[in-house]
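Before any comments, here is the structure.
Only the coordinates and a few stated rules stand behind these numbers; no lab work does. What you see is a predicted model; the values in this text were computed from it and never measured. Because the Cβ atoms are built from the backbone with ideal geometry, glycine has one as well, and the counts that use them run over all protein chains shown.
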Amino acid sequence: MRSIFRAALFRVRFCSLYHGVKLFSLIFLKRKGATVSKIELCHFILHVKKILMFTNILLHLHRMFLRPFLCQMQAQIKIDNANSANNTEPYTKQYGECGAEGEYIHFTPEYLLNDTFIQLYGSRGRVFVHEWAHLRWGVYDEYSEEKPFYYSNGRIEATRCSKNMEGQFYKVTAGGSLQLCRIDPQISLPTDGCTFFPDRNQITNSSIMFLPSLDPVTAFCRENEHNYEAPNMQNIKCGNKATWTVIFEDSVDKDALRSLKPPEYPPPIPSFKVVQRAQRVVCLILDVSGSMAGSIILLQQQAATHFLRIYIEDQARVGIVTFSTDASTLRSLTTIDSDITRENLIKLLPKVASGSTNMCLGLSQGLQVLQEDNGDVLGDEIIFLTDGLATDNIAGCAPSAIQSDAIIHTLAFSDKASSALKEMADKTGGKFIYASDELTSNQLMDAFASLTLSTGDYTKEPVQLESVGKRTSDWFNGTVSVDQTVGNKTSFVIIYEIRFPSVYIQSPSGSIYTQTSMSHDGLLKTVTLNIPGTAEPGDWKYSIQTTSNQAFTITVTSQASRDDVPPIIVKTHMNQQFNDGSKPMIVFAEVSQNYRPVINAEVWATLESETGSVHTLQLLDNGAGADTFQGDGIYSRYFTKLVNGRSSLKVRVKNQDVQIRFAASKKSGAPYVPGYVVNGVVQLNPPKPPVSEEPLEVGSFTRTATGESFEVKLSSTTPPNFPPNRITDLSAELQEDTVFLSWTAPGEDLDQGTAKSYEIRWSFDLDMLRNSFSNGHVVNTAAVSPQEAGSDEQHSFNLSFPIQNGTTLFFAVQSEDEQNATSETSNIAQASKILPGTKAPGVSNPGMNLTVIVISVCVVTMVISLEHFLKQY
Ligand SMILES: [Ca+2]
Ligand SMILES: [Ca+2]
Ligand SMILES: [Ca+2]
């Protein structure tokens, strides 16, 4: 089953979420059929009156699905095994700003096939809607595992939306019986394990982002029912906005939703297109025009060699086409079945360049080659490499290439490369990568490495451990850490500019490899060391010695050492591919092992513009600034030094002398439901499936990865000034009459540098702080000078009056930079004063007469506020 589902990453194309049930039945079908490797759901344009069989959620959606998802790696809904045997929870990988699209939804086969999960999480259709809202509309969860309760108006409340949702609090013992919740006197909130059990019947119908499994829940929280106070991610990330508001005002579908018309009935029947790719079919289309002559054609040859030797997988079919004044087929589709086949292809790679640059001829020749196997090019790939100075009208022939259904990756060597190259990649699901011809940047080698479209089985794919270059006239030394997850097919490839250097490579146990164990290709200026068997884990040291001043690069790749342990991988991307300076960009890198976040790694991004300006940034997983969740293995940072033109993105990850940890992965996703209150009696669900967090000893590791290139066109001549970032982790505590605030420092420009000042305000009224920060009571911050971005900030102060028992206060911060640009208001932190021993007011238990369960003061029933209740429809 593993292999079937591993390959079963599928994409939803032009489609919406009508008939989630059909969608899932299709997955069953696929499993039984056992032949389908990829499912594409097409022509699914939707108006939804009744989404899914069970719910009556009115989501009028149509015309929304704009982006075709053309490869499994980019699949937005993945059905794949869990990251550890027992972790079957559905979740959405989401880490962007509020309203930004998430990365993907992950369902496990167990979750889809085992009906007991329906009881724990809700019906698959309902869960799908919840996950879809994370993925498509960038809304966040309205429950909180970290802060399940908070204090409001003298009552303990469950973190939820809407606040009209009723239920009771109990703790479930290890033996499965219910116990009274106890209050922790330190925080005046229930102790760990206390759980909110919602009533099965509710007077409210929201919210999907809180508890999609509950039958009465059919709607998102709107402003009139939104719980502004709940300390959940939705409020933290989205500035206390209701999910409904985010969907209609900030999401990618906001315009479509605004012009929405009532749907026609009946809605169209969805149709499914099932596509299977037996193996990868790829055509290299290489530029051999005069402008490529000299060092550039050599670079192309070196990188294409590396691709054919290391990256293209067995059983793939490869063709090679060149173009200049004319186009010619150097090799028609050839199945990679041995190293000899690879080397024969490598021998054909072009070495000389002359003539003009007729890109359209090359493209059409390549498309013809891709038809050789089966008469069409659907799902086939083109790798189109050019220095970008077209003689013919590439913009004229690009549309038909885009229409062809092939995936077109474009690698451009020149800043003059036509925008049609980027457009072809964008519109066909390919990648556009700009590579500088500066040898030490190693960008073309990296570009080829990043084009591998994953099948999802990372145990069979090369991983880049190192890619670095240097210009020197003596030594070029470095260390590459081979960890336990890799080691097979390890190769060191050294490219030199002028003269064959001396190369020494030392294994962790001290064996030294010299030239005699390496192969040297003088024409290709490449030295290669292939480590036989599985490379010894540990630090491998390389030393390259030259007597003349020249440039070098070293590229180290490896593969999984065991076929049951996927290696640690890293992926990187910018939050957008194009920027005009009005908004900052964010760099993301995801470090993971079999979907498990790898935390405590050191991650550096290098952003290099075509004009040669290089900016390095350390990416952080600290849950502050650009980073949404701490410890989720997503390392993020704002990129503020925007430079006009195209830029490349590369990250280096290392983990040395730090204990690496794998964190539990779920951050956004439908909640586990512990049970319900039915007629006043709690009906318990089976316990939550345990998440195994067995650590994997991997040792030190290094990784590099290249992201798609991006482009900046500043609309103003002066570079934009960004204010300090919005603080999202402000927290407040009250001890006696002293307020303790803590947060992570923002910077002069978003999360970089040092801000100039803070403005802290408080209020008894959350809404007031949220809507008019400047009307809050000001806190004297004269003594607080901001520290560097990312530092822990603390500030304590006394209010000028004694705080009454039972009082809740709200706090918020704004920061200012040197140019007096002000940040957005922080999340709103709250603190309550409850004197130990006081009975928490408002705590009641109307359920006590209806159940034999012992009741205490901390069993709380939610109060229905009918005046706040507004029916959604
Ligand atoms: Ca074909
Ligand atoms: Ca993170
Ligand atoms: Ca600034």
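Annotations
- For segment 187-248, the gyration tensor built on C-alpha atoms gives an oblate shape. Its axis ratio a/c (a ≥ b ≥ c) is at least 1.5, and a/b is not larger than b/c.
- Derived scalar couplings between HN and Hα for segment 199-212 equal 5, 5, 9, 10, 8, 9, 10, 10, 9, 4, 7, 9, 9, x Hz in order, rounded to whole Hz, by the Karplus curve 6.51 cos²θ - 1.76 cosθ + 1.60 (θ = phi - 60°), x for Gly and Pro.
- Footprinting exposure proxy ranking of V591, V281, V643, V139, fewest other C-beta atoms within 10 angstrom first, gives V643, V281, V591, V139.
- Listed by chain and number, the aspartates and glutamates placed with their C-alpha closer than 17 angstrom to that of K489 are E313, D314, D337, D339, E343, D457, E461, E466, E536, D539, D563, D564; residues fewer than eight positions away on the same chain are left out.
- Separation of alpha-carbon centers, segment 405-481 and segment 170-244, rounded to whole Å: 46 Å
- Between segment 508-529 and segment 785-828, the alpha-carbon centres lie 58 Å apart.
- Cross-link pairs beyond the 24 Å C-alpha cut-off, checked among K93/K650; K171/K237; K78/K571; K416/K470; K147/K254: K171/K237; K416/K470; K147/K254
- Footprinting exposure proxy ranking of M574, M445, fewest other C-beta atoms within 10 angstrom first, gives M574, M445.
- Unit charges at the beta carbon, dipole of segment 537-651: most positive-side option, Q630, A551, W540: A551
- Sequence-ordered 3J(HN,Hα) estimates for segment 757-768 from the Karplus curve with 6.51, -1.76 and 1.60 and θ = phi - 60° stand at 7, 10, 10, 10, 9, 9, 7, 7, 10, 4, 4, 5 Hz, glycine and proline given as x.
- Segment 680-733: trypsin sites (Lys or Arg not before Pro) falling in loop per DSSP and having at most 15 other Cβ within 10 Å: K713
- Oblate is the label for segment 697-783, because a/c, from the alpha-carbon gyration tensor with a ≥ b ≥ c as root eigenvalues, is 1.5 or above and a/b does not exceed b/c.
- Projecting the Cα positions of G776, P802, S832 onto the charge dipole of segment 731-833 (unit charges on Cβ atoms of Lys, Arg, Asp and Glu, taken about the Cα centre) puts P802 furthest along the positive direction.
- Backbone phi angles across segment 396-412, fed through the Karplus curve with coefficients 6.51, -1.76 and 1.60 (θ = phi - 60°), yield HN-Hα couplings of x, 9, 4, x, 6, 5, 5, 5, 5, 6, 7, 8, 10, 8, 10, 10, 10 Hz in residue order; Gly and Pro are listed as x.
- The alpha carbon gyration tensor of segment 279-430 gives principal lengths a ≥ b ≥ c with a/c of 1.5 or higher and a/b no greater than b/c, which makes the shape oblate.
- Interchain or long-range residues, amide H under 5 Å from Y595's placed H: none
- When +1 charges are put on Lys and Arg Cβ atoms and -1 charges on Asp and Glu Cβ atoms, the dipole computed for segment 279-430 relative to its Cα centre reaches about 360 debye.
- Per DSSP, loop GluC sites (Glu not before Pro) in segment 127-157 with at most 14 further Cβ within 10 Å: E145, E146
- Ranking of V565, V614, V480, V651 by neighbouring Cβ atoms within 10 Å, starting from the fewest: V614, V565, V480, V651.
- With R₀ set to 25 Å, the beta-carbon distance separating Q787 from H615 gives a calculated FRET efficiency near 0.65.
- Amide H partners (placed H, <5 Å) of S668, local residues excluded: T92, Q94
- Remark on V282: its backbone amide H falls under 5 Å from those of R317, V318, G319, E381, a criterion applied only to residues 5 or more positions apart or on other chains, H modelled at 1.01 Å from N.
- Take each peptide in 530-541, 227-238, count the other Cβ atoms within 10 Å of every residue, and average; sorted highest first, the result is 227-238, 530-541.
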